[in-house]
1. Every residue in the stretch 71-88 that is open to solvent by less than 50 Å² (accessible area, probe 1.4 Å) and over 12 Å from the mean Cα position of the chain (by Cα), please.
2. Hey, can you tell me all the residues within the stretch 1-40 that are among the charged types (D, E, K, R), under 18 Å from residue 77 (Cα atoms) and modelled with pLDDT under 85?
3. Under 7 Å by Cβ, and 6 or more places apart or on different chains, what pairs join a residue from the stretch 62-80 that is under 13 Å from residue 17 (Cα atoms) with one that is of a type in the set (Ser, Thr, Tyr) and surrounded by 17 or more Cβ atoms within 10 Å (Cβ to Cβ)?
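The values are calculated or read from the model by the stated rules, or taken from the named source; none is laboratory data. In this text the structure is predicted, and so the values were computed from the model without any measurement. Here the Cβ positions follow ideal geometry from the backbone for every residue, glycine too, while neighbour counts run over all protein chains shown. Remember, those area values only see protein heavy atoms, side chains included, never the ligands or the DNA or RNA. Shrake-Rupley method; radii C 1.70, N 1.55, O 1.52, S 1.80 Å.
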Amino acid sequence: MPKKELHKTLLELRNELDHKQFEFKEKRGAAIQSITTLENKLQSDDFMTGDEYLVAELREALEEFEESHPRLIDLVGRIADLLNKMGI
C-alpha cells in the first residue's frame, strides 16, 4: 500500500510543480529530476537503504519555497514518511 500511495504523492508533487510559477527555474528543474529518479526507482523496485538522499535533495531544491508554496513541502514530507514505511 505505501508504494501505491508513494506513486500517487509523487504525481501530486509533479502536478503542483507544473502549475506553480517559480522565480528560480533551476531549483524547479532539480526537484523534477529528483521526482523522476524516485519514480524510476519505484517502477523498478530498486529502492534500498541509502536512497534517503533523494528525498533530502528534493527537500533542498524546494526549501526556499516553503513560505510561498507550503503544499510542496507537505508533499515532500509525505514522500519521506512513505519511504520510511517501506523501510528506506
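1. Taking the stretch 71-88 first, the residues open to solvent by less than 50 Å² (accessible area, probe 1.4 Å) are 72-73, 75-77, 79-80, 82-83, 88.
Matches in the stretch 71-88: 88 only.
2. At the first step, the residues of the stretch 1-40 found to be among the charged types (D, E, K, R) are 3-5, 8, 12, 14, 16, 18, 20, 23, 25-28, 39.
Then keep just the ones that are under 18 Å from residue 77 (Cα atoms); that gives 3-5, 8, 12, 14, 16, 27-28, 39.
Matches in the stretch 1-40: 3, 27, 28.
3. Partner pairs satisfying both residue conditions: 75/9.
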